[in-house]
Structure formats: structure tokens, C-alpha cells
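Notes for the one structure printed next.
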Amino acid sequence: MPHPKLNAITALLGDGLSNAAIARELGCDRHAVGDIRRALALPNVPRQPLTLEQKWATFTRELPGGHVEWTGERQKTSGTPLLRHREQAYTAARVAFRIGNGREPQGYTYADCGLKHCVAPGHVEDEPMRIRAREQLRYLGGGPEHKTHCAHGHDLSTHVRYEPDGVAYCSACKSDSKRRGQRTPPDIPGHGVPDTRTTCPDAASGIVRDNSE
């Protein structure tokens, strides 16, 4: 009996994908893909000769302002730039961060330069870098130093985060709101994400109170 995904596998084999990549794409067994490859007398895909960073560079295009556009694969729903290398998948932003900083990023990694999905190594930041930069913006703008705990008792040495304009909020409260399905109204920075004001009422004003007050 023919494999139920024979036609799809055959099409991807014709595109030059490896057995593992096809199996991952179609959710099937890579050994079955190998059997079909041999039946069609198709050669195995040669090992990727480029390093991860070299392959990343082949899918980039420089833009004015120091930005870099991704020309390769993207995640279907979010549009996040993706890179596959030696059977592994990476976000292009994480690779850009490695190139620009010489280390692996921590937490969410993306450019905070204003151009969505920019992958310029000098523009991409990980979570600790983003927190430091936004915290500095807050203080330069005259914002008060955040207290030790939010109104709901979360330790802000761990959970404090900042909006792009320096407004502070509690990430634990934000996660709690998200689990309850609460959404931020469009007049709040970062609309479309959970409304931290529901559980952390002072976050939207940029003042995160100590729960002892």
C-alpha cells in the first residue's frame, strides 16, 4: 500500500529537502521518507557546508538606517524569521544576537529598533539588555525607581519589565492576566497583550508600588 503522504513527500524530495526536514514538515517517519527516496533513486542531500552564521548571511539584505531585512523562511502565523541548519531550527534574531554579541541570548530575542522583524546584529537585544535599556530610559525621563514588590507581592528584582517608553510593569501580573484571557485596550502601549492594570493597578502609570504601602 502506498504511503498516505506519498505525493507530498515526493514533492518535497523534488525540492531538495533532507529526509529529516521532510519528516518534520509533514509529521511522518524519516525512515519512510528514506524508503521513498531510494525507490525514486534520488540521492541524499549533502551535508550543509556553511556554518550557521554563514547560512544566516545568505538570507539577509541591508536596509537604510542600519536595519537588516530577512529574506528567508518565516513562521506561518507570526511572520517570525526562521533559519534551518543541519536539521535544527533557529530564529534569525537569535543567530543575529550571537553574531553581534558573541554569546547565546537569554529570554525573548528581537530588535527594539522600530522595524518589525529586523535582524541587524547591532539592533537585536535579549531580555536582560532590553530591561537595562528601558530602565535607563525610564530614569532619564524622570520616572521613579520601582519598589521591591508589586501590589500583589511579586518580587520586582525578578519580575519587573518595562514598556518601550520606560513604563514599568510586573511580568508575573501580566502572565496572570494572560492566563485569564484579559486584553489590553488599544490606548495602552503594547496593545494586544494582557492588561497588567487589572492585577497590577499602578503599572500603567509607571509606578509599581511596594505591597507594604
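Each value in this text was obtained by applying a stated rule to the coordinates, not by laboratory testing. Here the structure is a predicted model, which means the values were calculated and not measured. Every residue, glycine as well, gets a Cβ built from its backbone with ideal geometry; the counts of neighbours run over all protein chains shown.
Quick look at the values:
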{"read-out": "Among the listed pairs Lys116/Lys147; Lys55/Lys116; Lys5/Lys76; Lys147/Lys174; Lys5/Lys55, those beyond 26 Å (Cα-Cα)", "value": "Lys116/Lys147; Lys5/Lys55"}
{"read-out": "Whole-Hz ³J(HN,Hα) from phi, Karplus 6.51 cos²θ - 1.76 cosθ + 1.60, for the stretch 30-46, glycine and proline x", "value": "5, 5, 5, 4, x, 5, 5, 4, 5, 5, 8, 6, 9, x, 5, 6, x"}
{"read-out": "Residue-by-residue Karplus 3J(HN,Hα) for the stretch 170-176, coefficients 6.51, -1.76, 1.60, Hz, glycine and proline x", "value": "9, 5, 5, 5, 5, 5, 4"}
{"read-out": "Pairwise FRET efficiency - Glu145 versus Asp15, Cβ, R0 = 41 Å, nearest 0.05", "value": "0.15"}
{"read-out": "Cα-projected label distance for Thr80 with Lys116, points at 7 Å along beta-carbon direction, nm", "value": "1.6 nm"}
{"read-out": "Distant-in-sequence amide H partners of Leu82 (H built 1.01 Å from N, under 5 Å)", "value": "Glu73, Arg74, Gln75, Ala92"}
